[in-house]
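Below is one structure, written out as structure tokens; comments come after it.
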Amino acid sequence: MSRIGSKPVAIPAGVKVSVAGAEVTVEGKQGKLVIPVPEGTEVAVDGSNVVVTRKNDNCKALHGLVRSLINNAVIGVMDGYKKELAIVGVGYKATLAGKKLTLNVGYSHAIDYMVPDGIKMTVTDGVKILIEGFDKQLVGEVAARIRRFKKPEPYKGKGIRYADEHVVIKPGKTNA
């Protein structure tokens, strides 16, 4: 039996969960998410809990996955998710104009990134980017894409990194 999949997901006040066929819809104050339910797993709303069961032992991994996706959706539509990026480097900066993020990170040209729908982005001091949204997967994907433009390099640590990320700095050449 899956330890994660067997735990029920509590539905807080203000969140509405409905099951229709092979889809679970979660609605809250932040927004609405639809989670597909794979074959072999069943989802039922039992009072103020969501219970995930599996039909047979062929889909053990999906049992816990579906439960985690539903739990992440409930947390997302209730409170939302956020990721913070830090830009490190002399002359490196970010500016936000409407839905367009412009990054100057050491290339000969500026990088423009269009912020997708469902994401709220703020830039503070030109070097801190806060990404907020109700879809955990989308928030993580946007943060990873922005970080991919200039990963932190190992000698000076310049680049775009997560705010809680620790970059190990390598020693440079020595003249012996």
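The values are calculated or read from the model by the stated rules, or taken from the named source; none is laboratory data. Owing to the predicted nature of the structure, the values given are computational and were not obtained by experimental measurement. Please note: Cβ atoms are built from the backbone with ideal geometry, for glycine as well, and neighbour counts cover all protein chains shown. When the accessible area is computed, the model is the full protein with side chains, heavy atoms only, and any ligands, DNA or RNA have been set aside. Shrake-Rupley method; radii C 1.70, N 1.55, O 1.52, S 1.80 Å.
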- Note on the structure: Sorted by chain and then number, the residues having a modelled amide H within less than 5 Å of the amide H of ILE11, at least 5 places away or on another chain, are ASN49, VAL50
- Name the chymotrypsin sites (Phe, Trp or Tyr not before Pro) in the range 4-108 that are in a loop by DSSP and that have at most 14 other C-beta atoms within 10 Å, would you? TYR107
- Query: Got a sec? What order do LYS150, LYS170 fall in by accessible area at 1.4 Å, biggest, i.e. largest, first?
  - Reply: LYS170, LYS150
- Message: Greater than 32 Å separation of Cα atoms is the criterion. Which listed pairs, LYS100/LYS156; LYS60/LYS150; LYS136/LYS173, meet it?
- Response: LYS60/LYS150; LYS136/LYS173
- Message: Let me check something: with ligands and nucleic acids excluded, how do ILE35, ILE4 order by accessible area (1.4 Å probe), largest to smallest?
- Response: ILE4, ILE35
- Could you give the distance between the Cα centres of the range 1-71 and the range 125-176, to the whole Å? 33 Å
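Going by a ≥ b ≥ c, the root eigenvalues of the Cα gyration tensor, does the range 52-176 fall in the rounded group (a/c under 1.5), the prolate group (a/b larger than b/c) or the oblate group?
oblate
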- Note down the accessible area of ASP46, probe 1.4 Å, to the nearest 10 Å². 100 Å²
- What whole-number value in Å² describes the accessible area per residue of the range 1-53 for a 1.4 Å probe? 60 Å²
- Message: Taking loop as defined by DSSP and a crowding limit of 16 other beta carbons within 10 Å, which trypsin sites (Lys or Arg not before Pro) in the range 90-138 fit?
- Response: LYS99
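Is there a quick way to get the dipole size of the chain? I mean about its Cα centre, with the Cβ of Lys and Arg at +1 and of Asp and Glu at -1; what is the value in debye to the nearest 20?
So the dipole magnitude of the chain works out to roughly 760 debye.
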